[in-house]
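Colleague: I am attaching a structure below and will ask some questions about it afterwards.
The values are calculated or read from the model by the stated rules, or taken from the named source; none is laboratory data. Just so we're clear, the structure is a prediction, and the values are computed from it rather than from any experiment. Counting neighbours? That spans all protein chains shown, and the Cβs are built from the backbone with ideal geometry, glycine included.
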Amino acid sequence: MTALEVDLAGIKLRNPTLLASGVMGETGDSLLRVAVAGAGGLVTKSIGLEPRKGYPNPTLVELPDGYINAMGLPGPGIEAFAEEMEIATKSGVPVIGSLFAAIPEDFASLAIKMESYGAAAIELNLSCPHAKGYGMEVGIDPDAVHAIVSSVKDAVRVPVMAKLTPNTHRLLDVARAVEAAGGDAIVAINTVKAMAISVEARRPILHNTTGGLSGPAIKPIGLRCVYELHEAVKLPIVGVGGIESSRDVLEYMMAGATAVQVGSAVGRRGLKVFREICDGLAEHMAANGLNRLSEIVGAAHVH
């Protein structure tokens, strides 16, 4: 292994950065672009059983410190996504298939398809805050989460990761349910439920009224969640939320993350963000005599 390589639940990553779901993840060509830009792994757009148009515009609000989006989980459906996966899996880096559904059986069916397309792992979207009947509505119930993870684990051989929501007081109970069901890793966090109002129009800006806040604004929340999860479960954790620099990655890893996902920063800083992060990590390791990034995972817990 090189200095930046990490092992995430048996998935070998050339560096700890993965593209987060929902950003440049709907086509094989866009996923390839992110791999060329230096990401250590790729997470697809969340894919469901059938095609979805998503919500009408406006679906995105840009803020000084992030975005609020309510896309409504648009996508081509699992059958049509085979063609995109055929392209994406030529990238040379692991491709993780993100999936959404409402019941365990549907999650399992999707996972079987995604595994057959060459996915290195499955990410269960149990945390989208703005799609009725999916995501967060399912992912705040530990019993439902246990049933979903168990069903998918029984259906596939690749690692299964659960992406959890911060929009609940039961985050740790849900994480323990993932662990008890045999899940391989936890991804934390998804966006934080939020909204924006137009003063001129005197109404909410987003068509869906509320959406999910991402970007630097939620980094302190993501860090807190990863820190608490690291003490609650023994599963590897993928940190997500507001990561734009190597320093952000180091904070997440010291909180307990094995790897991280980068999403909003792609829009705010461009694809160069992956190489900039990795260059900064390499410089930090050299300056501090570190041989492996794993040496700092959870370091903030040593009081």
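Colleague: Can you name the condition, by its number, that ALA147 falls short on among (1) closer than 14 Å to LEU124 by Cβ; (2) buried (at least 23 other Cβ atoms within 10 Å of the Cβ); (3) out of contact with any Lys or Arg (no Cβ under 9 Å at 6 or more places or on another chain)?
Modeller: (2)
Colleague: Would you mind stating whether ALA175 is modelled with pLDDT of 95 or more, hydrophobic (A, V, I, L, M, F, W, C) and surrounded by fewer than 21 Cβ atoms within 10 Å (Cβ to Cβ)? First the steps, then the outcome.
Modeller: Numbers: modelled with pLDDT of 95 or more: yes; hydrophobic (A, V, I, L, M, F, W, C): yes; surrounded by fewer than 21 Cβ atoms within 10 Å (Cβ to Cβ): no.
So ALA175 fails the test.
Colleague: So which residues in region 157-200 are in contact with an Asp or Glu (Cβ under 6 Å, 6 or more places away or on another chain), part of a loop (DSSP other than H, G, I, E, B) and among the β-branched types (Val, Ile, Thr)?
Modeller: Result: VAL158, single match.
Colleague: Restricting attention to region 241-265, which residues are over 17 Å from ASP184 (Cα atoms) and β-branched (Val, Ile, Thr)?
Modeller: First pass over region 241-265, keeping only residues over 17 Å from ASP184 (Cα atoms): 241-255, 262-265.
Matches in region 241-265: ILE243, VAL249, VAL262.
Colleague: What are the pairs with Cβ atoms under 6 angstrom where one residue, in region 183-212, is within 30 Å of HIS230 (Cβ to Cβ) and the other, located anywhere, is small (Gly, Ala, Ser) and in a loop (DSSP other than H, G, I, E, B)? Sequence gap at least six, or different chains.
Modeller: ASP184/ALA9; ALA185/ALA9; ILE189/GLY241; ASN190/SER127; GLY211/ALA70
Colleague: Out of the strands (runs of 3 or more DSSP E) lying entirely within region 25-91, which hold 3 or more residues that are within 19 Å of the chain's Cα centre (by Cα) and closer than 22 Å to ALA188 by Cβ?
Modeller: Numbers: elements: 41-43, 60-63, 66-69.
Passing ranges, in order: 41-43, 66-69.
Colleague: Mind checking which residues of region 92-105 are assigned to a strand (DSSP E or B) and either over 24 Å from PRO51 (Cβ atoms) or small (Gly, Ala, Ser) (or both)?
Modeller: As a first pass, look at region 92-105 and keep what is assigned to a strand (DSSP E or B): 95-99.
Matches in region 92-105: GLY97, SER98.
Colleague: Name the pairs whose Cβ atoms lie under 7 Å apart, with the first residue in region 227-245 and without any contact (Cβ under 8 Å) to a residue 60 or more places away in the chain and closer than 17 Å to ALA300 by Cα, the second part of a helix (DSSP H, G or I) and of a type in the set (Val, Ile, Thr), and 6 or more positions between them or separate chains?
Modeller: Close Cβ pairs satisfying both conditions: ILE237/VAL226; GLY239/VAL226.
Colleague: For TYR117, are the conditions met, namely being out of contact with any Pro (no Cβ under 8 Å at 6 or more places or on another chain) and closer than 19 Å to ASN190 by Cβ? Give the derivation first.
Modeller: Details: out of contact with any Pro (no Cβ under 8 Å at 6 or more places or on another chain): yes; closer than 19 Å to ASN190 by Cβ: no.
Against the criterion (out of contact with any Pro (no Cβ under 8 Å at 6 or more places or on another chain) and closer than 19 Å to ASN190 by Cβ), TYR117 does not qualify.
Colleague: I'm checking my understanding of the structure. Among residues of region 258-297 that are without any contact (Cβ under 8 Å) to a residue 60 or more places away in the chain and within 21 Å of ALA9 (Cα to Cα), which one is nearest to the chain's Cα centre (by Cα)?
Modeller: Within region 258-297, the match that is nearest to the chain's Cα centre (by Cα) is VAL297.
Colleague: If I ask for residues that are crowded, with 17+ Cβ neighbours inside 10 Å and outside any helix (DSSP H, G or I), which ones from region 206-229 would you list?
Modeller: Answer for region 206-229, where residues must be crowded, with 17+ Cβ neighbours inside 10 Å and outside any helix (DSSP H, G or I): LEU206, ASN208, GLY211, GLY212, LEU213, SER214, GLY215.
Colleague: Which residue, of LYS90, LYS153, is of a type in the set (D, E, K, R), touching a residue at least 12 places away in the same chain (Cβ under 8 Å) and over 29 Å from VAL36 (Cβ atoms)? Talk me through it step by step, then tell me what you get.
Modeller: On the way: LYS90 fails: over 29 Å from VAL36 (Cβ atoms).
Exactly one of LYS90, LYS153 is of a type in the set (D, E, K, R), touching a residue at least 12 places away in the same chain (Cβ under 8 Å) and over 29 Å from VAL36 (Cβ atoms), namely LYS153.
Colleague: For GLY72, which of the numbered conditions (1) more than 15 Å from LEU19 (Cα to Cα); (2) at pLDDT 95 or above; (3) among the small types (Gly, Ala, Ser) fails to hold?
Modeller: (2)
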